[in-house]
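Working notes for the structure below.
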Amino acid sequence: MFKIVRREEMAEGTVILNEIEAPLIAKKAKPGQFVILKANETGERIPLTMADTDLQKGTITVIYMVVGKSTAIFKSLKVGDGYMDIIGPLGKPTHLEKVGNVVCVGGGTGVAVLHPITRALKEVGNHVTCIIGARNKGLLILEDQMKAASHELIVCTDDGSYGRKGFVTEALKDVLERSDIQLAVAIGPVPMMKFVSKLTKEYNVKTIVSLNPIMVDGTGMCGGCRVSVGGQTKFACVEGPEFDGHQVDYDELMQRLQAYAEQEKQCYADHQCRMNPV
Amino acid sequence: MAQPEGKKEKIARQPMPEQAPEVRRRNFDEVPLGLSPEAAQQEAKRCLQCKKPSCMDGCPVSVDIPGFIKFICEGEFTQATRRIWERNALPAVCGRVCPQESQCEGVCILGKKDQPVAIGNLERFAADYERKHGKGELPPKAKPTGKKVAVVGSGPSGLTVAGDLILKGHEVTIFEAFHRPGGVLVYGIPEFRLPKEIVFQEVNFLERLGVKLECNAVVGRTVSLDELFEEGYDAIYLGVGAGLPSFLNIPGENLTGICSANEYLTRSNLMKAYRFPEYDTPIIKGKNVITLGAGNVAMDSARTALRLGAEVSRIVYRRSRQEVPARAAEVHHAEQEGVEFHFLTAPTRFIGDEKGRVIGMEGLKMELGEPDDSGRRRPIPIKGSEFVLDCDLVIIAVGAGANPLLTQSTEGLQLNKRGYIIADPETGKTSKKGVWAGGDIVTGSATVILAMGAGRKAADSIHKYLTWGW
């Protein structure tokens with residue numbers, strides 16, 4: 001069992017942080033890599049990109065939004081409880097290079113994934129501007145951490161309840177206008193990554209995105225995570241999860257993410273019924 | 001009971017009782033129900049106890065077939081299993097999934113004039129009897145050698161190596177990437193052909209012998225081969241399987257509702273999606289299902305689809321019935337259950353609806369030309385023969401290649417053009433000192449028993465190395 005040693009609730013309880021004892025994974029994990037977790041005997045295997053690792057404590061940290069039965073079960077786990085199965089580190093680590101000026105854009109729980117990458121890009125000597133966004137103030141996460149991980153942080157909320165009013169793409173446009181940017185990294189909901197990439201393409205800025213397709217094994221043996229990049233099919237679990245943002249077929253990814261939507265909804269509704277019987 | 005003197009009474013091959021097709025096509029219980037002890041003894045009496053048993057030559061692990069059959073004749077069922085264990089650690093598995101018709105039974109001397117001895121059914125009987133009624137005695141182990149062996153992969157190949165080497169006194173640890181052991185026995189072969197409880201009990205047998213099992217260990221990611229050597233392992237066996245699903249690379253292949261057989265079967269068998277929502281992993285329950293390919297994996301997929309509620313389950317294969325690679329028994333079971341076979345047909349593209357879900361497959365009729373480099377006649381498209389088949393689930397079962405996760409992250413391991421590990425066919429030695437390999441990662445997708453045969457050879461070679469050096 002992989003024990004939870006720390007647990008936090010964020011964004012009004014919709015986003016959960018779990019710091020988990022997994023020394024072998026912590027030893028090897030690099031920014032950008034993910035793990036596959038399974039809570040119990042009947043549970044699904046789901047991927048979560050690591051938000052942090054602590055070599056000394058031998059722990060990994062995942063931050064996830066509750067969107068269905070599996071993440072709801074994860075949320076119910078307390079400190080001292082554990083995940084039955086975790087494998088990792090999976091996927092190719094982020095390519096880290098000093099290129100000059102970098103802008104990192106994160107939306108929703110994508111910010112959690114963006115955090116170790118932003119920090120690493122800063123550590124190798126890039127000048128890092130970070131833009132994070134959420135629907136409203138209550139749903140923002142990791143603001144302090146992202147500030148520490150970058151040289152400049154711009155916070156956006158759709159409703160203007162905090163920071164700059166508007167989408168991250170609007171803040172990004174300003175940054176692209178005023179600075180000469182060598183690299184953009186965008187991690188968040190698929191439409192966000194799609195529109196960020198569309199924008200950076202106009203400015204000819206190389207863009208990396210981290211994709212989140214459905215996965216089962218995570219080791220390249222099933223092809224469930226396949227995505228189209230530059231017209232070619234790639235397995236996100238072994239060739240990704242990061243890809244050239246200008247080459248990804250986002251519409252196909254959004255469709256493929258709906259493959260089991262009906263069963264997922266049914267499962268989640270039944271689970272909530274059981275948890276809150278009337 | 002000894003064999004009677006004089007002329008043997010002619011006993012017909014004992015039929016294997018099976019679930020009726022119209023019943024079993026909707027459940028996941030085993031299709032063959034197993035011989036009764038009486039039927040097993042009757043069948044055992046048919047064996048001629050040949051002085052030069054060709055059946056043993058036909059067996060990739062050289063089980064003492066006449067030997068174990070004689071014990072069954074005599075009612076000594078536990079002894080029969082012990083005799084099998086001398087050469088085969090997984091008789092409950094092999095008795096169910098080996099292609100006996102092209103191995104032991106295919107060369108059975110009785111089979112020349114009559115039906116061959118039902119060796120597979122007898123092996124299964126002995127193993128099942130032992131599991132249900134045996135006292136759980138373990139075979140003896142040699143004195144500890146102080147040597148440590150790491151086995152990567154807990155499929156049939158790795159399990160065989162582990163079983164052989166633990167009995168020779170070595171310390172053995174199996175590293176498995178999945179959360180459950182068994183490899184293809186657990187994710188690939190469905191419950192109705194090989195109950196998972198049996199696989200876990202076979203693995204448990206090895207654990208009781210002292211084999212250590214570490215699941216959730218992805219060698220090549222969590223730990224590398226060089227690190228295993230640094231940790232003190234003296235030898236490593238790679239039995240990681242083929243594990244890279246082949247796709248057709250035709251338009252529309254990424255529509256939802258199209259998946260590899262690996263994904264479909266892993267969801268159903270390993271993640272138990274056939275019991276959804278009791279188990280959380282979902283699976284597409286197509287009503288109109290097409291499976292592309294005609295190997296054993298395709299049969300498993302098409303039959304699983306029926307059990308998951310398909311009204312129509314079709315096999316679409318680009319060659320003819322003669323070239324079908326699946327076992328005749330599996331094709332027969334599939335046909336009985338209502339799987340439709342469309343031969344000389346190949347897909348050209350998939351058609352989707354406005355939500356990106358597959359609704360049809362466009363295909364072309366084929367005719368067969370000269371053999372290609374696999375030795376099978378090459379399918380040639382017939383111009384103008386396009387047609388569309390409606391479908392809401394397509395399972396692609398056209399083979400699997402070498403998964404590069406381990407092979408590409410390991411220095412010094414020579415691979416062939418297609419990414420399989422190059423290993424000596426007699427010893428399993430690779431180009432990397434102290435590393436052996438066998439099974440599908442060397443040969444490409446093949447069978448459980450061939451993987452076991454390779455494991456047997458490698459175990460012998462590893463033992464020699466640990467005793468006398470490279």
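What the table below lists for this structure:
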read-out: Size of the protein assembly as shown as Cα extents on the principal axes (Å, biggest first); value: 102, 67, 60
read-out: Bins of 10 Å from zero: percent of alpha-carbon pairs in segment B:229-286; value: 18, 32, 24, 17, 9
read-out: Cα-derived Rg over Rh, computed across segment A:140-252 with Rh taken as Kirkwood radius; value: 1.01
read-out: Cα point-scatterer Debye curve for chain A, base-10 log of I(q)/I(0) at q = 0.13, 0.14 Å⁻¹; value: -0.87, -1.02
read-out: Rh by Kirkwood over Cα pairs, then Stokes-Einstein D for segment B:173-324 at 1.002 mPa s and 20 °C, µm²/s; value: 122
read-out: Cross-link reach list, lysines versus B:K70, counting only Cα pairs under 26 Å and skipping chain neighbours closer than eight places; value: B:K7, B:K8, B:K10, B:K45, B:K51, B:K52, B:K112, B:K113, B:K132, B:K135, B:K141
read-out: Residues of segment A:258-276 buried by at least 20 Å² on assembly (accessible area, 1.4 Å probe, chain alone as reference); value: A:A259, A:Y260, A:Q263, A:Q266, A:C267
read-out: Cα-based convex hull, segment A:170-217, per residue volume (Å³, whole number); value: 73
read-out: Segment B:323-399: Cα Rg divided by the 2.2 N^0.38 Å rule of thumb; value: 1.28
read-out: 11 Å beta-carbon shell around B:R83, net charge (K/R +1, D/E -1); value: -1
read-out: At 1.567 mPa s and 4 °C, Stokes diffusion of segment A:26-71 via Kirkwood alpha-carbon radius, µm² per second; value: 112
read-out: Solvent-accessible area buried by A and B, counting both chains, probe 1.4 angstrom, square angstrom; value: 3600
read-out: Tilt relative to chain A, helix A:168-178 - C-alpha long axis, 0 to 90 degrees, to 10; value: 30
read-out: Shielding of A:222-229 by partner chains, average beta-carbon count, 10 Å; value: 6
read-out: Between segment A:3-61 and segment B:315-362, the alpha-carbon center distance in angstrom; value: 42
read-out: Value of Rg/Rh across segment B:1-124 [Cα atoms, Kirkwood radius]; value: 0.97
read-out: Segment B:69-181: C-alpha gyration tensor shape, a/c 1.5 cut-off, then a/b vs b/c; value: prolate
read-out: Value of Rg/Rh across chain B [Cα atoms, Kirkwood radius]; value: 0.98
read-out: Segment B:42-115: trypsin sites (Lys or Arg not before Pro) in DSSP loop, at most 10 other beta carbons within 10 Å; value: B:K51, B:K113
read-out: Residue-count net charge about B:A459 - beta-carbon cut-off 9 Å; Lys, Arg +1, Asp, Glu -1; value: +1
read-out: 14 Å beta-carbon shell around B:E18, net charge (K/R +1, D/E -1); value: 0
read-out: Length gained when the stretch B:I109-B:E370 is fully extended (0.36 nm per residue, less Cα-Cα span); value: 90.5 nm
read-out: Computed log₁₀ I(q)/I(0) - Debye formula, equal Cα scatterers, no solvent, segment B:383-470, q 0.11, 0.21, 0.22, 0.26 Å⁻¹; value: -0.43, -1.01, -1.08, -1.32
read-out: Per-residue [θ]222 nm for the protein assembly as shown (sum of -39500 (n - 2.57) over DSSP H runs n ≥ 4, rounded to 500); value: -9000 deg cm²/dmol
read-out: Dipole magnitude (debye, nearest 20) for chain A, charges at Cβ of Lys, Arg, Asp, Glu; value: 280
read-out: Computed Kirkwood radius, in angstrom, where 1/r is averaged over Cα pairs of segment B:267-394; value: 15.6
read-out: Cross-link reach list, aspartates and glutamates versus A:K78, counting only Cα pairs under 18 Å and skipping chain neighbours closer than eight places; value: A:E8, A:E9, A:E12, A:E19, A:E21, A:E41
read-out: Alpha-carbon centroids, segment A:206-278 and segment B:20-60: separation in whole Å; value: 44
read-out: Centroid-to-centroid separation of segment B:84-151 and segment B:208-228 [C-alpha atoms, Å]; value: 27
read-out: Nearest-ten-degree value, helix A:261-275 long axis tilted from longest Cα axis of chain A; value: 60
read-out: Percent breakdown of C-alpha pair distances by 10 Å bin, ordered from the shortest bin, for segment A:71-182; value: 14, 37, 30, 16, 3
read-out: Probe 1.4 Å, accessible area per residue of the protein assembly as shown, Å²; value: 42
read-out: Reachable lysines from A:K173, criterion Cα separation under 27 angstrom, eight or more residues apart if same chain; value: A:K98, A:K122, A:K137, A:K147, A:K165, A:K194, A:K198, A:K201, A:K206
read-out: Residue (of A:I20, A:I46, A:C222) at the positive-pole extreme of chain A, dipole from beta-carbon charges; value: A:I20
read-out: Column: log10 I(q)/I(0), Debye, Cα scatterers of segment A:204-278, q = 0.27 Å⁻¹; value: -1.20
read-out: Segment A:3-142: Cα Rg divided by the 2.2 N^0.38 Å rule of thumb; value: 1.05
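The values are calculated or read from the model by the stated rules, or taken from the named source; none is laboratory data. Only a predicted model underlies this, so the values are computations on that prediction, with no experimental measurement involved. Here the Cβ is made from the backbone with ideal geometry for all residues, glycine too, and neighbour counts use every protein chain on show. Areas reflect the complete protein model, heavy atoms only, side chains present, ligands, DNA and RNA absent. Shrake-Rupley method; radii C 1.70, N 1.55, O 1.52, S 1.80 Å.
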